[in-house]
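Here the structure is laid out as structure tokens; the discussion comes afterwards.
The values are calculated or read from the model by the stated rules, or taken from the named source; none is laboratory data. All values reported here derive from a predicted model rather than from experimental measurement. Cβ coordinates were reconstructed from backbone atoms using ideal geometry, including for glycine residues, and neighbour counts include every protein chain displayed.
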Number of protein chains: 2
Amino acid sequence: MNDEPTSEILDATYHALCKHGYAALTLQHIADESAMSKASIHYYYDSKNELFVALLDFLYDRYTTQIDSTARDSPREHLRSLLEVLLTDEEDTPGTEFRTAMLEVTAQAPYDDKIRDRLVEFGDYLFERIRQIIAAGIDAGEFAESVAPSRIAEAFTTLIVGANTRQVAVEYSTDRLSETITSHIETDLLIRTPVEGAQ
Amino acid sequence: MNDEPTSEILDATYHALCKHGYAALTLQHIADESAMSKASIHYYYDSKNELFVALLDFLYDRYTTQIDSTARDSPREHLRSLLEVLLTDEEDTPGTEFRTAMLEVTAQAPYDDKIRDRLVEFGDYLFERIRQIIAAGIDAGEFAESVAPSRIAEAFTTLIVGANTRQVAVEYSTDRLSETITSHIETDLLIRTPVEGAQ
């Protein structure tokens, strides 16, 4: 229970979303997860859509905090801890139920500009953080100067979205992908002697 | 119009799906796209769900044919043409409307084993084809022996899913990603002189 009614509603929405998924979710499900009535919830949020947009803003803060918490002194370690957090199935990260609901919300983005705008923000934040880590790693002499920060950030952001989509839709395990990315970082990003005769 | 009523229904379902999306789709929308009545469609398919599973089987055939059509003599060229077809926005590939509907279908997979099974088949087919191309490229002396076919196939399959998800949800352009992958293939997969002092 929270002091602010809106915090309580968003908390209840989060739990109801995990339990019932997005498509099937009703205001009653949300009321069931809180001490508030449907009428009280409706007083604060006009529609299910408005409530979801507020939930995405709330989740965005949590997401950026989670990403920022992976900071390490070495950019190389920072990149690894970030990818570990985003590609793990551990309990302290959003679980399968939440990811399942988020994929439903993602699939609604083409029909709803406000949802789309929020998802763009999630992607932009992740992209920018990865880009900065790679750039810092080049400055620190950990990553090769030939590594292009934007390109790697682009590929990793897209890989993470793909891994989450597959995890939800086809019960894909991210373990092998984690290994592949780690090996890619060690082999292709870390600084090395210039290659003779490379194409 | 097709000779087989089931082909006509699946064709109509495909067009209705592109036009209305998955969630909003009704049997009437499908009937509107064909010369058949709702009752006739219902005679062949008991439920919307059964119709979708049949549609996914139909699309699977089209997908494998599309993937197989990218074959080239050189594995390196084969890999590039495959990625180009799967990451392009050109008209002869499934358009945005179709991808939007497919993301909705994907988001339903956790709630429906039959849909999930079909999506697993799509992913498995793509993974296996990429793995074979990389393995053939190593045999042919185009790709370095240090390249692990399964790992690259895993990463590329996940990248393609991620690119399609982002394309639909946040209007992501795959152009930059295509460039990044091409550069990755040229720089990191193609055979080169062994690296001295690499970690």
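Among the residues in region B:89-97, are any modelled with pLDDT under 95, within 12 Å of chain A (Cβ to nearest Cβ) and over 20 Å from A:T158 (Cα atoms)? Before you say what the answer is, go through the steps one by one.
Residues of region B:89-97 modelled with pLDDT under 95: B:89-97.
Applying the additional criterion that residues be within 12 Å of chain A (Cβ to nearest Cβ) yields B:96-97.
Then keep just the ones that are over 20 Å from A:T158 (Cα atoms); that gives B:97.
Scanning region B:89-97, I find at least one residue that is modelled with pLDDT under 95, within 12 Å of chain A (Cβ to nearest Cβ) and over 20 Å from A:T158 (Cα atoms), so the answer is yes.
Every condition in (1) of a type in the set (G, A, S); (2) part of a loop (DSSP other than H, G, I, E, B); (3) at pLDDT 90 or above holds for B:S146 except the one numbered (3).
Please determine, by comparing only the residues of region A:61-84 that are among the hydrophobic types (A, V, I, L, M, F, W, C) and in contact (Cβ under 8 Å) with a residue 12 or more places away in the chain, which one is farthest from A:A153 (Cα to Cα). Spell out how you get there, then give the answer.
Applying the first criterion (among the hydrophobic types (A, V, I, L, M, F, W, C)) to region A:61-84 yields A:67, A:71, A:79, A:82-83.
Next cut, in contact (Cβ under 8 Å) with a residue 12 or more places away in the chain only: A:67, A:79, A:82-83.
Values: A:I67: 14, A:L79: 10, A:L82: 12, A:L83: 11 Å.
The extreme case among them is A:I67.
Within region B:119-131, the set of residues being farther than 19 Å from B:T88 by Cβ and either touching a Gly at 6+ places or on another chain (Cβ under 8 Å) or more than 10 Å from chain A (Cβ to nearest Cβ) (or both) comprises B:F127, B:E128, B:R131.
Of the helices (runs of 4 or more DSSP H) that lie entirely inside region B:10-116, those containing 3 or more residues that are within 29 Å of A:E171 (Cα to Cα) span B:48-68, B:75-86, B:96-108.
Being surrounded by 14 or more Cβ atoms within 10 Å (Cβ to Cβ) and of a type in the set (A, V, I, L, M, F, W, C) narrows it down to one residue among A:A24, A:A35, A:A54, A:A39; which is it? Don't jump to the end; show me each part of the working.
On the way: A:A24 fails: surrounded by 14 or more Cβ atoms within 10 Å (Cβ to Cβ); A:A35 fails: surrounded by 14 or more Cβ atoms within 10 Å (Cβ to Cβ); A:A39 fails: surrounded by 14 or more Cβ atoms within 10 Å (Cβ to Cβ).
Going through A:A24, A:A35, A:A54, A:A39 in turn, the sole match is A:A54.
Pairs only if they're at least six apart or on different chains, beta carbon under 7 angstrom, first in region A:33-51 and of a type in the set (A, V, I, L, M) and at pLDDT below 90, second in a loop (DSSP other than H, G, I, E, B) and exposed (fewer than 12 other Cβ atoms within 10 Å of the Cβ); list them, first residue then second. From residues that are of a type in the set (A, V, I, L, M) and at pLDDT below 90, there are no pairs.
From the list A:D124, A:D113, A:D117, the lone residue that is exposed (fewer than 14 other Cβ atoms within 10 Å of the Cβ), under 13 Å from the mean Cα position of the chain (by Cα) and closer than 30 Å to B:Q108 by Cα is A:D124. Residue pairs whose Cβ atoms lie under 6 Å apart, sitting 6 or more positions apart in sequence or on different chains, and linking a residue in region A:132-161 that is within 13 Å of another protein chain (Cβ to nearest Cβ) and buried (at least 17 other Cβ atoms within 10 Å of the Cβ) to a partner that is assigned to a helix (DSSP H, G or I) and charged (D, E, K, R), are A:E142/A:R76; A:P149/A:R131; A:A153/A:R131; A:E154/B:R176; A:V161/B:R166. The set of residues in region B:92-110 being within 21 Å of B:L79 (Cβ to Cβ) and surrounded by fewer than 16 Cβ atoms within 10 Å (Cβ to Cβ) consists of B:D92, B:T93.
Of the candidates A:E186, A:E179, the single residue that is facing chain B (nearest Cβ under 7 Å), more than 30 Å from B:T100 (Cβ to Cβ), surrounded by fewer than 18 Cβ atoms within 10 Å (Cβ to Cβ) and without any contact (Cβ under 8 Å) to a residue 40 or more places away in the chain is A:E186.
Could you please let me know if B:Y111 is under 21 Å from A:G162 (Cβ atoms) and in contact (Cβ under 8 Å) with a residue 24 or more places away in the chain? So B:Y111 does not fit the description; no. For region B:11-27, check the following and say yes or no: at least one residue is free of Cβ contacts under 8 Å to residues at least 40 places away in the same chain and farther than 18 Å from B:F98 by Cβ. Within region B:11-27, one or more residues are free of Cβ contacts under 8 Å to residues at least 40 places away in the same chain and farther than 18 Å from B:F98 by Cβ.
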